[in-house]
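Remarks on the structure that follows.
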């Protein structure tokens with residue numbers, strides 16, 4: 001079920017809100033939590049009901065591991081829990097990647113496995129791995145099984161984040177503030193939801209066919225076509241992911257649940273370090289807290305720091321997708337971060353506007369590998385960007401309307417405030433109501449054939 005579908009907006013969401021607030025009206029707080037958990041499981045099962053058993057197995061194993069760790073603090077139990085989580089990822093997400101890589105490097109023809117990637121497996125695996133590591137580090141946290149289930153299953157963050165920590169979410173399930181009607185939260189949540197929906201159905205979906213024309217149809221795109229495709233994808237993924245994030249935070253607020261901010265105008269960053277403080281912020285902190293710092297962080301000298309940065313970003317790239325294009329994407333960002341830190345260590349300063357331009361170009365070049373279907377496709381588009389495929393004064397795919405749309409979108413992401421900053425200014429005034437209604441009407445009329453969010457694939 002997609003956030004941008006009519007069945008979600010007009011059936012699932014109203015039913016879930018009614019059930020939750022009816023339970024609150026009756027004073028049945030635990031029943032409200034139980035209903036949210038069950039309806040979130042239904043939301044997940046709507047995609048493919050057979051994978052409901054998989055996520056329930058994952059939840060049960062990690063909860064039991066957390067209980068055992070809380071009681072014993074055993075490193076063996078921690079290792080077993082992490083191994084279980086990684087084995088799920090390895091089996092469902094990386095087995096075919098491993099087979100394809102062996103075939104490519106050794107010239108073999110081993111058949112790929114008929115495995116369908118379960119929805120959100122990367123997200124709920126990271127969420128629960130962080131949980132058992134935290135319990136191992138601090139054995140005082142103990143939660144009811146129902147609360148833990150909702151922590152993992154809560155539908156606003158389940159499919160594509162934010163990646164939430166247990167200490168951020170579970171305590172809210174017993175907080176009195178959660179079980180009262182807060183009209184400001186509801187109004188802010190609705191506004192955020194429709195801002196996100198507009199980003200998705202009006203902007204991101206507009207760029208989608210233009211991106212596909214270059215990456216999926218063109219064999220060797222020429223200079224202007226290649227750059228139009230790459231820049232269009234930079235805009236598509238920005239508005240697609242920020243739109244999902246806005247909708248997720250807005251949906252959570254409708255239930256009085258506050259989730260961490262995950263997106264903060266990343267194309268306004270003036271360095272790659274700043275970019276990763278703004279893009280997928282909860283993934284950045286997860287990689288920092290559970291990979292970079294355990295590897296040694298910056299405590300073991302500069303050479304080791306750069307190695308740790310590269311390893312972290314390479315694995316972060318592989319987390320996004322089982323393909324060498326994602327490894328290269330992660331490697332590029334690792335290289336960017338190493339260079340950025342080296343410049344900072346030498347106290348080399350760059351004008352903020354120049355830094356912003358350099359950062360955007362570097363990020364855009366890396367997006368090329370993120371979007372490409374395979375290495376051949378990636379290097380074909382890259383050749384076009386470098387002018388090696390020719391410079392056609394009459395490009396086939398870069399229409400004037402698309403170029404104008406790219407410049408308008410780029411101006412918007414460079415100058416306008418973030419959605420959360422805007423939503424925080426909401427007041428009980430007629431103009432805010434009119435603005436929200438206008439967004440809702442415009443976005444709803446633009447829904448035709450709902451498309452998945454890009455991060456659903458990870």
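The values are calculated or read from the model by the stated rules, or taken from the named source; none is laboratory data. No experiment lies behind these values; they were computed from the predicted model shown. As a convention, Cβ positions derive from the backbone with ideal geometry for all residues, glycine included, and neighbour counts pool all protein chains shown.
A few points about this structure:
- Every residue from the range 354-373 that is free of Cβ contacts under 8 Å to residues at least 12 places away in the same chain and over 28 Å from residue 324 (Cα atoms): 354
- The lone exception for residue 297 - which of (1) farther than 19 Å from residue 366 by Cα; (2) modelled with pLDDT of 95 or more; (3) not in a helix (DSSP H, G or I) it fails: (2)
- Residue 380 meets the conditions (1) over 26 Å from the mean Cα position of the chain (by Cα); (2) under 18 Å from residue 232 (Cα atoms); (3) surrounded by fewer than 20 Cβ atoms within 10 Å (Cβ to Cβ) in every case but one. The failed one is (3).
- Any hit, the range 4-15, residues being touching a helix residue (DSSP H, G or I) at 6+ places or on another chain (Cβ under 7 Å) and surrounded by fewer than 17 Cβ atoms within 10 Å (Cβ to Cβ): no
- Any hit, the range 388-407, residues being under 24 Å from the mean Cα position of the chain (by Cα) and surrounded by fewer than 16 Cβ atoms within 10 Å (Cβ to Cβ): no
- Considering (1) surrounded by fewer than 17 Cβ atoms within 10 Å (Cβ to Cβ); (2) under 26 Å from the mean Cα position of the chain (by Cα); (3) modelled with pLDDT under 95, the lone condition that residue 51 does not fulfil carries the number (1).
- When the residues of the range 81-116 are filtered to those that are surrounded by fewer than 16 Cβ atoms within 10 Å (Cβ to Cβ) and closer than 18 Å to residue 127 by Cβ, the one that is farthest from the chain's Cα centre (by Cα) is 83.
- Failed criterion for residue 286 (all others in (1) surrounded by fewer than 18 Cβ atoms within 10 Å (Cβ to Cβ); (2) in contact (Cβ under 8 Å) with a residue 12 or more places away in the chain; (3) assigned to a helix (DSSP H, G or I) hold): (1)
- If you go through the range 231-247 and keep only what is more than 11 Å from the chain's Cα centre (by Cα) and either under 18 Å from residue 411 (Cβ atoms) or surrounded by fewer than 24 Cβ atoms within 10 Å (Cβ to Cβ) (or both), you end up with 231, 232, 233, 234, 235, 236, 239.
- Count of residues meeting criterion [closer than 20 Å to residue 204 by Cα and either part of a loop (DSSP other than H, G, I, E, B) or not assigned by TED's automatic domain parsing to the domain that holds residue 193 (or both)] in the range 245-273: 4
- Filtered residues of the range 76-132 (kept if in contact with a helix residue (DSSP H, G or I) (Cβ under 6 Å, 6 or more places away or on another chain), at pLDDT 90 or above and more than 20 Å from residue 55 (Cβ to Cβ)): 77, 78
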